[in-house]
Amino acid sequence: MAKNNIDYQKLSTRLDEVLAKIQSADVSVDEAVALHKEGVELIAALEEYLKGAELKINKIKV
Amino acid sequence: MARETPVFGVTEFVAYTNQTLEYAYPYVSIVGELANFKISKNKWVYFDIKDTESRVRCFGTVYMLASQLEDGMMVQIQGSPRLHPQFGFSLTVQQVQPVGEGAINRAAKLLEQKLEKEGLFDVARKRSVLYPPVKIGLITSAESAAYADFMKIISHRWGQLDIYLADVQVQGSEAPGQVAAALQALNQLPHSLDVIVMIRGGGSAEDLQAFSEESVVRAVAASRIPTVVAIGHENDVALAERAADVRASTPSNAAELLVPDKQQVAQYLEKNKRTLYQALESVVEYKKQQVKVYKDKLHESISQLFRQHNNALQQKQLLLHALNPEVVLQRGYALVRKDNQIIRSGLQLKKDDTIELQFKDSILMTNIIKIRRNDGKK
């Protein structure tokens with residue numbers, strides 16, 4: 001059974017947000033440090049998701 | 001000798017004729033032109049089938065109508081002839097379909113127009129598909145190249161997929177029924193699917209016909225679950241594709257549209273690791289710069305303050321120095337005292353007063369000889 005996909009979309013969207021914020025003009029050092037940490041964790045989780053190559057085929061009767 | 005011909009009552013005759021017809025033509029196929037096509041009470045269908053010289057009345061129900069029909073079309077009917085007790089001779093039709101490319105194309109065009117008018121193809125109806133999806137319903141022929149291509153591409157691009165496969169006929173008379181049933185079955189699965197994909201590879205117009213059948217198109221439009229449909233090649237557009245939420249040009253294209261390429265995603269993630277780090281670095285660097293600027297400013301402010309005080313002090317020092325009585329004496333002035341009091345005005349003195357004159361280097365005692373006012377008065 002494939003992992004719940006809401007993870008992927010949520011993680012992916014959040015990563016885009018983090019990247020936008022950390023590259024914006026008005027971010028403090030504390031924020032930048034926190035965003036960097038979060039971004040690294042998100043990327044790790046997404047890379048982990050990609051590694052799981054579970055393609056399952058179920059035949060249904062019509 | 002009188003020849004013996006049987007004499008019938010009218011009803012008898014009708015019954016007898018019908019018996020004969022049933023015996024001779026239980027079921028007959030006729031090709032001709034459709035005319036006077038009429039539907040009554042949404043249930044009964046009346047039309048004539050004719051050629052240049054003859055015309056026969058036909059009668060049937062709406063349930064036998066598989067295609068859109070129009071006066072002037074060439075059609076083939078299957079039916080039974082009958083002498084109606086009241087209405088005369090007619091054919092009771094069980095099947096009618098357009099024949100000849102012209103008629104078939106015309107029927108297809110009419111169906112397309114009808115469904116378009118109902119709004120089945122409206123862009124506003126089209127829903128977006130979860131990207132990437134996890135649970136995928138797949139309607140196709142499991143033996144087909146389309147299926148093989150689709151699976152190859154999708155498994156290469158992406159893992160984490162739960163595919164629910166409905167193996168159906170994708171051409172021939174059984175196809176529309178099976179495809180519509182598959183759509184229904186997939187819509188009713190307990191684990192709700194994210195998307196239903198319907199694919200079939202290239203073929204002749206007849207091969208692809210099932211996916212332009214009214215029942216199939218309606219089933220696609222009615223699907224609660226968003227649909228991605230790819231039938232035939234790039235240029236083939238089956239009506240089911242028009243009713244779908246997403247039309248892909250080919251089964252391979254459908255796989256590409258459905259999921260990302262995990263290799264590309266991996267590269268993107270790798271790149272963003274660097275981006276994150278660089279962004280953090282640049283923020284820190286910027287703040288360091290800011291701190292340095294403040295430090296310099298502070299330094300400058302303090303130096304300036306210091307200088308100001310120093311200047312002020314120096315000024316005061318100079319002033320003090322200038323006002324120092326000793327310095328005044330050095331310049332040649334003398335201090336005048338009488339009875340140890342400093343005298344600033346000569347008018348305080350009288351003739352013969354004894355005064356003390358303090359010079360820079362000595363003190364003189366002397367008496368006043370004469371006082372002369374500066375303003376000339378006595």
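The values are calculated or read from the model by the stated rules, or taken from the named source; none is laboratory data. This structure is a prediction, so every number in the text was calculated from the model and none was measured. Cβ: placed from backbone, ideal geometry, glycine included. Neighbour counts: every protein chain shown.
Okay, here's what the table says:
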| item | result |
| --- | --- |
| Residue match in the range B:199-221 (condition: closer than 17 Å to B:Tyr147 by Cβ, buried (at least 23 other Cβ atoms within 10 Å of the Cβ), β-branched (Val, Ile, Thr) and at pLDDT 95 or above) | yes |
| Residue that is surrounded by fewer than 16 Cβ atoms within 10 Å (Cβ to Cβ) and of a type outside the set (A, V, I, L, M), where the choices are B:Gly79, B:Gly60, B:Gly137, B:Gly119 | B:Gly119 |
| Residue list for the range B:231-256, restricted to those being aliphatic (A, V, I, L, M) and within 20 Å of the chain's Cα centre (by Cα) | B:Ala243, B:Ala244, B:Val246, B:Ala248, B:Ala254, B:Ala255 |
| Residue selected from the range B:342-366 under the condition part of a loop (DSSP other than H, G, I, E, B) and among the polar types (S, T, N, Q), by the criterion modelled with the lowest pLDDT | B:Ser345 |
| Filtered residues of the range B:183-206 (kept if in a helix (DSSP H, G or I) and away from chain A (no Cβ under 11 Å)) | B:Asn187, B:Ala205, B:Glu206 |
| Residue selected from the range B:353-362 under the condition over 13 Å from B:Lys338 (Cβ atoms) and not hydroxyl-bearing (Ser, Thr, Tyr), by the criterion surrounded by the most Cβ atoms within 10 Å (Cβ to Cβ) | B:Lys360 |
| Condition check for B:Ile343: in contact with a strand residue (DSSP E or B) (Cβ under 6 Å, 6 or more places away or on another chain) and either surrounded by 11 or more Cβ atoms within 10 Å (Cβ to Cβ) or of a type outside the set (Gly, Ala, Ser) (or both) | yes |
| Sole residue being touching a strand residue (DSSP E or B) at 6+ places or on another chain (Cβ under 9 Å) and in a helix (DSSP H, G or I), chosen from B:Ala230, B:Ala255, B:Ala279 | B:Ala255 |
| Residue within the range B:90-102 that is within 22 Å of B:Asp207 (Cα to Cα), touching a Ser or Thr at 6+ places or on another chain (Cβ under 9 Å) and in a helix (DSSP H, G or I) present | no |
| Unique residue being in a helix (DSSP H, G or I), under 9 Å from the mean Cα position of the chain (by Cα) and more than 7 Å from every other protein chain (Cβ to nearest Cβ) when the list is A:Asp7, A:Asp30 | A:Asp7 |
| Members of the range B:253-274 found to be facing chain A (nearest Cβ under 8 Å) and either touching an Asp or Glu at 6+ places or on another chain (Cβ under 8 Å) or over 20 Å from A:Lys37 (Cβ atoms) (or both), listed by number | B:Lys262, B:Val265, B:Ala266, B:Leu269 |
| Flag for A:Ser12 being modelled with pLDDT of 85 or more, more than 7 Å from chain B (Cβ to nearest Cβ) and crowded, with 16+ Cβ neighbours inside 10 Å | yes |
| Among the residues listed as B:Val336, B:Val291, B:Val327, the single one being within 14 Å of another protein chain (Cβ to nearest Cβ) and β-branched (Val, Ile, Thr) | B:Val291 |
| Yes/no for A:Leu35 being more than 14 Å from the chain's Cα centre (by Cα) and within 9 Å of another protein chain (Cβ to nearest Cβ) | no |
| Residues of the range B:146-197 that turn out to be free of Cβ contacts under 8 Å to residues at least 24 places away in the same chain and hydroxyl-bearing (Ser, Thr, Tyr), as a count | 2 |
| The range B:135-151, subset in a helix (DSSP H, G or I) and more than 11 Å from chain A (Cβ to nearest Cβ), residue farthest from B:Pro260 (Cα to Cα) | B:Ala145 |
| Members of the range B:152-182 found to be in a helix (DSSP H, G or I), surrounded by 20 or more Cβ atoms within 10 Å (Cβ to Cβ) and more than 7 Å from every other protein chain (Cβ to nearest Cβ), listed by number | B:Ile154, B:Ala175, B:Pro176, B:Val179, B:Ala180 |
| Single residue of the range B:118-134 satisfying the filter (more than 14 Å from every other protein chain (Cβ to nearest Cβ) and in contact (Cβ under 8 Å) with a residue 60 or more places away in the chain) that is farthest from the chain's Cα centre (by Cα) | B:Leu120 |
| Residue within the range B:59-73 that is more than 47 Å from the chain's Cα centre (by Cα) and assigned to a strand (DSSP E or B) present | yes |
| Among residues of the range B:137-155, those that are under 19 Å from B:Val216 (Cα atoms) and either basic (Lys, Arg) or under 27 Å from the mean Cα position of the chain (by Cα) (or both), counted | 3 |
